[in-house]
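**Student:** A single structure is presented below for examination.
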Amino acid sequence: MTGRRSSSISSRKQPQQARSSELVAAILDAAVQVLTKEGAQRFTTARVAERAGVSVGSLYQYFPNKASILFRLQSDEWRQNSSLLRTILADRTRPPLQRLRSLVHAFIRSECEEAAVRVALNDAAPLYRDAPEAHEARASGERIVEVFMREALPRASDAVRATAGDLITTTMSTVGKDFSESPRSQAEIETYADAMADMFCAYLKSVAKR
């Protein structure tokens, strides 16, 4: 069961030449357009191929079905998020709470800039969220947060740090998604991010004093 699910969302092959890479990029770009316009329920490989201007057969050379395309879009987002986490949280030239504040601002801006795609991918999540690849992709970000929490709360127990990390990331993700579903001005984004960062920093300071 697990093996079948894993293969069903994996790309068939990786592009080796520039032309192949351009084809995959065109397919993924078309997939984003179809996803944001049609939504997850009407997302099909035929619509993606048509939008990309390629045959369905060419698309199937790289993606066996629509779940594999959607998972590729989602995994690309997870990699971007992991890169964002790593760039900001691993910067030990700045105090932990400053890094956390920067992360909140960067995350909320990102959520608002790519809201349509994120909402659509969330609707499509049942197609791939339980696959092994999905767990592996999410684990990368979790490890980055775990390392940061050891630095931010050096005297806390592992259990307390785990709870703090989970609370912050879950809140950011859930509230950020809800906030970004409506158009927001830059001023609104900054104000909201500041308030969320204040809340997280106050929480970590409270935990550190216990």
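The values are calculated or read from the model by the stated rules, or taken from the named source; none is laboratory data. None of these values were measured; they are calculated from a predicted model. Ideal geometry is used to build each Cβ from the backbone, glycine not excepted, and the neighbour counts take in all protein chains shown. Keep in mind that these areas ignore ligands, DNA and RNA; they rest on the heavy atoms of the full protein, side chains included. Shrake-Rupley method; radii C 1.70, N 1.55, O 1.52, S 1.80 Å.
**Student:** Restricting to segment 114-134, name every residue that is open to solvent by 20 Å² or more (accessible area, probe 1.4 Å) and in a helix (DSSP H, G or I). Spell out the reasoning first.
**Tutor:** Filtering segment 114-134 for residues open to solvent by 20 Å² or more (accessible area, probe 1.4 Å) gives 114, 116-119, 122-123, 126-127, 129-130, 132-133.
Scanning segment 114-134 gives Ala116, Val117, Arg118, Val119, Asn122, Asp123, Pro126, Leu127, Pro132, Glu133.
**Student:** What is the number of the single condition among (1) more than 19 Å from the chain's Cα centre (by Cα); (2) assigned to a helix (DSSP H, G or I); (3) surrounded by 12 or more Cβ atoms within 10 Å (Cβ to Cβ) that Ala156 does not meet?
**Tutor:** (2)
**Student:** Now for a separate question. Based on what the data block shows, is Ser55 free of Cβ contacts under 8 Å to residues at least 12 places away in the same chain and more than 23 Å from Ala197 (Cα to Cα)? Break it down into steps so the answer makes sense when it comes.
**Tutor:** Details: free of Cβ contacts under 8 Å to residues at least 12 places away in the same chain: yes; more than 23 Å from Ala197 (Cα to Cα): yes.
It is true that Ser55 is free of Cβ contacts under 8 Å to residues at least 12 places away in the same chain and more than 23 Å from Ala197 (Cα to Cα).
**Student:** Kindly evaluate Glu133 against the criterion of being at pLDDT 85 or above, among the acidic types (Asp, Glu) and over 30 Å from Asp194 (Cβ atoms).
**Tutor:** On the way: at pLDDT 85 or above: no; among the acidic types (Asp, Glu): yes; over 30 Å from Asp194 (Cβ atoms): yes.
Spelling it out, it is not the case that Glu133 is at pLDDT 85 or above, among the acidic types (Asp, Glu) and over 30 Å from Asp194 (Cβ atoms).
**Student:** Where residues in segment 38-55 are surrounded by 15 or more Cβ atoms within 10 Å (Cβ to Cβ) and hydrophobic (A, V, I, L, M, F, W, C), which of them is nearest to Pro132 (Cα to Cα)?
**Tutor:** Ala40
**Student:** Considering only residues that are of a type in the set (A, V, I, L, M) and either farther than 16 Å from Leu89 by Cβ or not in a helix (DSSP H, G or I) (or both), look in segment 163-192 and name the one that is most open to solvent (accessible area, probe 1.4 Å).
**Tutor:** Quick first cut of segment 163-192, residues of a type in the set (A, V, I, L, M) only: 164, 167-168, 172, 175, 187, 189.
With either farther than 16 Å from Leu89 by Cβ or not in a helix (DSSP H, G or I) (or both) added as a condition, the list becomes 175, 187, 189.
On the way: Val175: 43, Ala187: 67, Ile189: 12 Å².
So, considering only residues that are of a type in the set (A, V, I, L, M) and either farther than 16 Å from Leu89 by Cβ or not in a helix (DSSP H, G or I) (or both), the one most open to solvent (accessible area, probe 1.4 Å) is Ala187.
**Student:** Take the residues in segment 1-34 that are modelled with pLDDT under 90, among the aliphatic types (A, V, I, L, M) and within 27 Å of Pro132 (Cβ to Cβ); name whichever of them is surrounded by the fewest Cβ atoms within 10 Å (Cβ to Cβ). It would help to see each step written out before you state the result.
**Tutor:** Taking segment 1-34 first, the residues modelled with pLDDT under 90 are 1-21.
Checking the rest, the ones that are also among the aliphatic types (A, V, I, L, M) come to 1, 9, 18.
Remaining after also requiring within 27 Å of Pro132 (Cβ to Cβ): 1, 9.
Values: Met1: 5, Ile9: 24.
Applying the filter and picking the extreme gives Met1.
**Student:** Tally up the residues in segment 77-97 that are modelled with pLDDT of 85 or more, in a helix (DSSP H, G or I) and open to solvent by less than 60 Å² (accessible area, probe 1.4 Å), please.
**Tutor:** Going residue by residue through segment 77-97, those that are modelled with pLDDT of 85 or more are 83-97.
Remaining after also requiring in a helix (DSSP H, G or I): 83-89, 96-97.
Checking the rest, the ones that are also open to solvent by less than 60 Å² (accessible area, probe 1.4 Å) come to 83-85, 88-89, 96-97.
Residues that pass the stated criteria total 7.
**Student:** Of the residues Ile69, Ile108, Ile88, only one is among the hydrophobic types (A, V, I, L, M, F, W, C), closer than 22 Å to Ala152 by Cβ and touching a residue at least 24 places away in the same chain (Cβ under 8 Å); which? Give the steps one after another, and end with the answer.
**Tutor:** Values: Ile69 fails: closer than 22 Å to Ala152 by Cβ; Ile88 fails: touching a residue at least 24 places away in the same chain (Cβ under 8 Å).
Result of the check over Ile69, Ile108, Ile88: Ile108.
**Student:** Pick from Glu111, Glu142, Glu151: which is open to solvent by 60 Å² or more (accessible area, probe 1.4 Å), out of contact with any strand residue (DSSP E or B) (no Cβ under 7 Å at 6 or more places or on another chain) and among the acidic types (Asp, Glu)? Can you show your working first?
**Tutor:** Numbers: Glu111 fails: open to solvent by 60 Å² or more (accessible area, probe 1.4 Å); Glu151 fails: open to solvent by 60 Å² or more (accessible area, probe 1.4 Å).
After ruling out the rest, the residue left standing is Glu142.
**Student:** Would segment 60-76 turn up any residue that is under 30 Å from Asp194 (Cβ atoms) and either open to solvent by 30 Å² or more (accessible area, probe 1.4 Å) or not in a helix (DSSP H, G or I) (or both)? Break it down into steps so the answer makes sense when it comes.
**Tutor:** Kept after step one, since they are under 30 Å from Asp194 (Cβ atoms), are these residues of segment 60-76: 74, 76.
Among the residues that remain, those that are also either open to solvent by 30 Å² or more (accessible area, probe 1.4 Å) or not in a helix (DSSP H, G or I) (or both) are: 76.
Yes, there is a match, as at least one residue in segment 60-76 is under 30 Å from Asp194 (Cβ atoms) and either open to solvent by 30 Å² or more (accessible area, probe 1.4 Å) or not in a helix (DSSP H, G or I) (or both).
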